[in-house]
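The values are calculated or read from the model by the stated rules, or taken from the named source; none is laboratory data. Bear in mind that the values here come from a model prediction, so they are computed numbers and not experimental data. Backbone-built Cβ (ideal geometry, glycine too); neighbour counts: all protein chains shown. Ligands, DNA and RNA are stripped out before the accessible areas are found, and what is left, the full protein with its side chains, is counted by its heavy atoms. Shrake-Rupley method; radii C 1.70, N 1.55, O 1.52, S 1.80 Å.
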Amino acid sequence: MQLVVGRIGRAHGIKGEVTVEVRTDEPELRLGPGAVVATDPAGVGPLTIETGRVHSGRLLLRFAGVGDRTAAEALRNTLLIAEVDPEETPEDPDEFYDHQLMDLDVVTVDGTLVGRIAEISHLPSQDLLIVERPDGSEVMIPFVGEIVTEIDLEEQRAVVDPPRGLLDSEEAEVASSRDAGEPGEADESGEQGSGSAAGQDAAQDAGQGSARGEGDV
(Lines give C-alpha, C1' and ligand atoms only; values in the text may rest on other atoms or scores of the structure.)
Protein backbone atom coordinates (compact mmCIF):
# COMPACT_ATOMS: atom_id res chain seq x y z
CA MET A 1 0.00 0.00 0.00
CA GLN A 2 1.29 3.47 -0.89
CA LEU A 3 0.72 6.17 1.71
CA VAL A 4 1.79 9.81 1.91
CA VAL A 5 4.47 10.36 4.55
CA GLY A 6 5.46 13.96 3.84
CA ARG A 7 5.27 17.01 1.62
CA ILE A 8 8.29 18.95 0.45
CA GLY A 9 8.30 22.63 1.34
CA ARG A 10 10.69 25.42 0.51
CA ALA A 11 14.40 25.05 -0.14
CA HIS A 12 16.73 25.62 2.83
CA GLY A 13 20.16 27.09 2.21
CA ILE A 14 22.13 26.62 -0.98
CA LYS A 15 23.20 22.97 -0.78
CA GLY A 16 19.98 21.26 -1.82
CA GLU A 17 18.21 20.80 1.50
CA VAL A 18 14.43 21.13 1.68
CA THR A 19 11.98 21.53 4.54
CA VAL A 20 9.48 18.70 4.88
CA GLU A 21 5.97 18.72 6.32
CA VAL A 22 5.99 15.37 8.11
CA ARG A 23 2.86 13.24 7.84
CA THR A 24 4.04 10.22 9.80
CA ASP A 25 4.81 9.54 13.45
CA GLU A 26 7.73 7.37 12.33
CA PRO A 27 9.90 9.83 10.37
CA GLU A 28 13.10 8.08 11.45
CA LEU A 29 11.80 4.95 9.69
CA ARG A 30 9.94 6.39 6.71
CA LEU A 31 12.17 9.40 6.05
CA GLY A 32 15.56 8.27 7.32
CA PRO A 33 18.81 8.37 5.31
CA GLY A 34 18.86 5.64 2.70
CA ALA A 35 15.07 5.44 2.38
CA VAL A 36 13.70 5.50 -1.15
CA VAL A 37 10.34 7.21 -1.57
CA ALA A 38 7.97 7.48 -4.48
CA THR A 39 6.56 10.89 -5.37
CA ASP A 40 3.46 12.66 -6.57
CA PRO A 41 3.91 13.84 -9.28
CA ALA A 42 5.52 10.51 -10.16
CA GLY A 43 7.93 12.01 -12.70
CA VAL A 44 9.91 13.72 -9.95
CA GLY A 45 10.88 10.48 -8.23
CA PRO A 46 11.71 8.09 -6.89
CA LEU A 47 13.91 10.03 -4.48
CA THR A 48 16.63 8.59 -2.25
CA ILE A 49 17.09 10.39 1.05
CA GLU A 50 20.76 11.22 1.51
CA THR A 51 20.74 13.17 4.78
CA GLY A 52 18.21 14.35 7.33
CA ARG A 53 18.30 16.65 10.34
CA VAL A 54 16.00 18.73 12.51
CA HIS A 55 16.49 22.49 12.51
CA SER A 56 14.31 24.85 14.56
CA GLY A 57 11.67 22.16 14.90
CA ARG A 58 11.54 21.41 11.18
CA LEU A 59 12.77 18.33 9.34
CA LEU A 60 15.34 19.09 6.66
CA LEU A 61 16.14 16.48 4.02
CA ARG A 62 18.61 16.31 1.18
CA PHE A 63 18.04 13.90 -1.68
CA ALA A 64 20.63 12.17 -3.82
CA GLY A 65 21.26 14.14 -7.00
CA VAL A 66 19.78 17.36 -5.60
CA GLY A 67 22.81 19.51 -4.91
CA ASP A 68 21.75 23.15 -5.08
CA ARG A 69 18.95 25.51 -4.17
CA THR A 70 17.48 25.61 -7.67
CA ALA A 71 17.07 21.85 -7.84
CA ALA A 72 15.65 21.80 -4.30
CA GLU A 73 13.12 24.54 -5.04
CA ALA A 74 11.92 22.56 -8.08
CA LEU A 75 10.73 19.83 -5.68
CA ARG A 76 8.47 22.17 -3.72
CA ASN A 77 4.97 20.77 -2.95
CA THR A 78 5.98 17.26 -4.04
CA LEU A 79 4.32 14.54 -1.95
CA LEU A 80 6.57 11.79 -0.57
CA ILE A 81 5.04 8.32 -0.68
CA ALA A 82 6.18 5.17 1.14
CA GLU A 83 5.32 1.54 0.52
CA VAL A 84 3.61 0.12 3.59
CA ASP A 85 2.39 -3.41 4.32
CA PRO A 86 -1.43 -3.17 4.63
CA GLU A 87 -1.27 -5.56 7.61
CA GLU A 88 1.29 -3.42 9.44
CA THR A 89 0.10 -1.58 12.54
CA PRO A 90 1.78 1.07 14.72
CA GLU A 91 3.62 -0.09 17.84
CA ASP A 92 1.47 2.15 20.05
CA PRO A 93 -2.01 0.58 20.37
CA ASP A 94 -3.54 4.07 20.65
CA GLU A 95 -2.20 5.10 17.24
CA PHE A 96 -3.69 4.26 13.88
CA TYR A 97 -2.75 4.61 10.26
CA ASP A 98 -5.05 6.71 8.11
CA HIS A 99 -6.15 3.74 6.01
CA GLN A 100 -7.34 1.98 9.19
CA LEU A 101 -9.62 4.90 10.07
CA MET A 102 -11.09 5.63 6.66
CA ASP A 103 -14.75 4.66 6.25
CA LEU A 104 -15.24 3.71 9.90
CA ASP A 105 -18.75 4.36 11.17
CA VAL A 106 -18.82 7.09 13.82
CA VAL A 107 -21.33 6.66 16.63
CA THR A 108 -21.92 8.42 19.92
CA VAL A 109 -21.61 6.60 23.25
CA ASP A 110 -25.36 5.98 23.23
CA GLY A 111 -25.17 4.35 19.78
CA THR A 112 -26.48 7.22 17.66
CA LEU A 113 -24.97 7.20 14.18
CA VAL A 114 -23.05 10.38 13.31
CA GLY A 115 -21.70 9.32 9.93
CA ARG A 116 -18.54 7.81 8.49
CA ILE A 117 -14.93 8.97 8.44
CA ALA A 118 -14.27 10.42 4.99
CA GLU A 119 -10.92 12.10 5.61
CA ILE A 120 -8.26 12.70 8.24
CA SER A 121 -6.91 16.24 8.36
CA HIS A 122 -3.45 16.66 9.89
CA LEU A 123 -3.04 20.09 11.45
CA PRO A 124 0.01 21.36 13.36
CA SER A 125 -1.83 21.30 16.71
CA GLN A 126 -3.95 18.15 16.30
CA ASP A 127 -5.58 15.76 13.87
CA LEU A 128 -9.21 16.09 12.80
CA LEU A 129 -11.61 13.40 11.68
CA ILE A 130 -13.72 14.70 8.79
CA VAL A 131 -17.01 12.84 9.20
CA GLU A 132 -19.59 12.70 6.42
CA ARG A 133 -23.15 12.63 7.76
CA PRO A 134 -25.94 10.62 6.13
CA ASP A 135 -27.36 13.85 4.65
CA GLY A 136 -24.04 14.62 2.93
CA SER A 137 -22.92 17.38 5.30
CA GLU A 138 -19.62 17.17 7.15
CA VAL A 139 -18.52 17.65 10.74
CA MET A 140 -14.96 17.95 12.06
CA ILE A 141 -14.14 15.99 15.21
CA PRO A 142 -10.81 16.52 17.03
CA PHE A 143 -8.98 13.20 17.24
CA VAL A 144 -8.22 13.37 20.95
CA GLY A 145 -8.92 10.87 23.70
CA GLU A 146 -11.41 13.07 25.51
CA ILE A 147 -13.70 13.04 22.46
CA VAL A 148 -12.85 9.91 20.47
CA THR A 149 -13.17 7.37 23.26
CA GLU A 150 -12.80 4.15 21.27
CA ILE A 151 -11.60 2.86 17.93
CA ASP A 152 -12.94 -0.63 17.26
CA LEU A 153 -11.37 -1.96 14.08
CA GLU A 154 -13.16 -5.30 14.33
CA GLU A 155 -16.56 -3.62 14.45
CA GLN A 156 -15.35 -0.91 12.04
CA ARG A 157 -16.52 1.95 14.21
CA ALA A 158 -15.29 4.95 16.15
CA VAL A 159 -17.11 5.90 19.35
CA VAL A 160 -17.25 9.60 20.23
CA ASP A 161 -18.34 11.53 23.31
CA PRO A 162 -18.64 15.05 21.85
CA PRO A 163 -18.92 18.18 23.97
CA ARG A 164 -22.16 20.10 23.56
CA GLY A 165 -22.29 22.01 20.32
CA LEU A 166 -19.60 20.04 18.49
CA LEU A 167 -22.06 18.05 16.39
CA ASP A 168 -24.94 20.54 16.49
CA SER A 169 -24.19 24.21 15.87
CA GLU A 170 -27.67 25.17 17.08
CA GLU A 171 -26.86 23.73 20.51
CA ALA A 172 -23.72 25.85 20.58
CA GLU A 173 -25.73 28.98 19.75
CA VAL A 174 -28.25 28.24 22.52
CA ALA A 175 -25.43 27.65 25.01
CA SER A 176 -23.78 30.87 23.92
CA SER A 177 -26.95 32.89 24.48
CA ARG A 178 -27.50 31.32 27.88
CA ASP A 179 -23.90 31.96 28.98
CA ALA A 180 -23.93 35.53 27.75
CA GLY A 181 -27.19 36.48 29.50
CA GLU A 182 -28.88 39.75 28.85
CA PRO A 183 -26.72 42.78 28.09
CA GLY A 184 -25.30 44.16 31.33
CA GLU A 185 -26.40 41.12 33.34
CA ALA A 186 -23.79 40.04 35.88
CA ASP A 187 -23.00 36.42 36.73
CA GLU A 188 -22.64 35.08 40.28
CA SER A 189 -19.10 36.39 40.58
CA GLY A 190 -20.28 39.90 39.71
CA GLU A 191 -18.63 39.83 36.30
CA GLN A 192 -20.47 40.00 33.01
CA GLY A 193 -20.83 36.75 31.06
CA SER A 194 -18.21 36.12 28.44
CA GLY A 195 -20.65 34.89 25.81
CA SER A 196 -18.43 32.00 24.69
CA ALA A 197 -20.20 28.82 23.59
CA ALA A 198 -19.93 25.97 26.05
CA GLY A 199 -19.50 23.40 23.32
CA GLN A 200 -16.89 25.44 21.55
CA ASP A 201 -14.93 25.97 24.78
CA ALA A 202 -15.03 22.29 25.57
CA ALA A 203 -13.85 21.38 22.10
CA GLN A 204 -11.04 23.87 22.36
CA ASP A 205 -9.96 22.54 25.74
CA ALA A 206 -10.01 18.99 24.44
CA GLY A 207 -8.02 20.06 21.43
CA GLN A 208 -5.08 20.94 23.67
CA GLY A 209 -4.37 17.23 24.14
CA SER A 210 -2.01 15.40 21.84
CA ALA A 211 -3.64 13.82 18.80
CA ARG A 212 -3.85 10.05 18.89
CA GLY A 213 -4.11 9.72 15.11
CA GLU A 214 -0.71 8.93 13.64
CA GLY A 215 -0.90 10.66 10.32
CA ASP A 216 -0.88 9.05 6.91
CA VAL A 217 1.48 6.35 8.11
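Of note:
- Basic side chains Lys and Arg get +1 at the Cβ, acidic Asp and Glu get -1 at the Cβ, and with that the dipole of segment 1-115 about its Cα centre reaches some 1120 debye.
- FRET efficiency estimate (nearest 0.05) - Cβ-Cβ, Asp152 to Ser56, R0 45 angstrom: 0.70
- Extension gain, Asp110-Asp40: 0.36 nm per intervening residue step, less the Cα-Cα distance, totals 21.0 nm.
- Carbon/sulfur fraction of accessible area - segment 1-87, other protein chains in place, 1.4 Å, %: 51
- Asp127 contributes an accessible area of around 10 Å² to the protein surface, as traced by a 1.4 Å probe with all chains present.
- Taking the centroid of alpha carbons for each part, segment 133-157 and segment 1-69 are 31 Å apart.
- Accessible heavy-atom area order of Ile81, Ile141, highest first, probe of 1.4 Å: Ile81, Ile141
- Computed FRET value (nearest 0.05) for Glu21 with Ala64, which takes r as the C-beta separation and R₀ as 22 Å: 0.60
- Probe 1.4 Å, protein heavy atoms only - accessible area per residue of segment 1-63 in square angstrom: 51
- Sequence of Leu60, Leu113 when ordered by accessible area, the most exposed leading, probe 1.4 angstrom: Leu113, Leu60
- Surface accessible to a 1.4 Å probe, Arg157 within the full protein complex, Å²: 90
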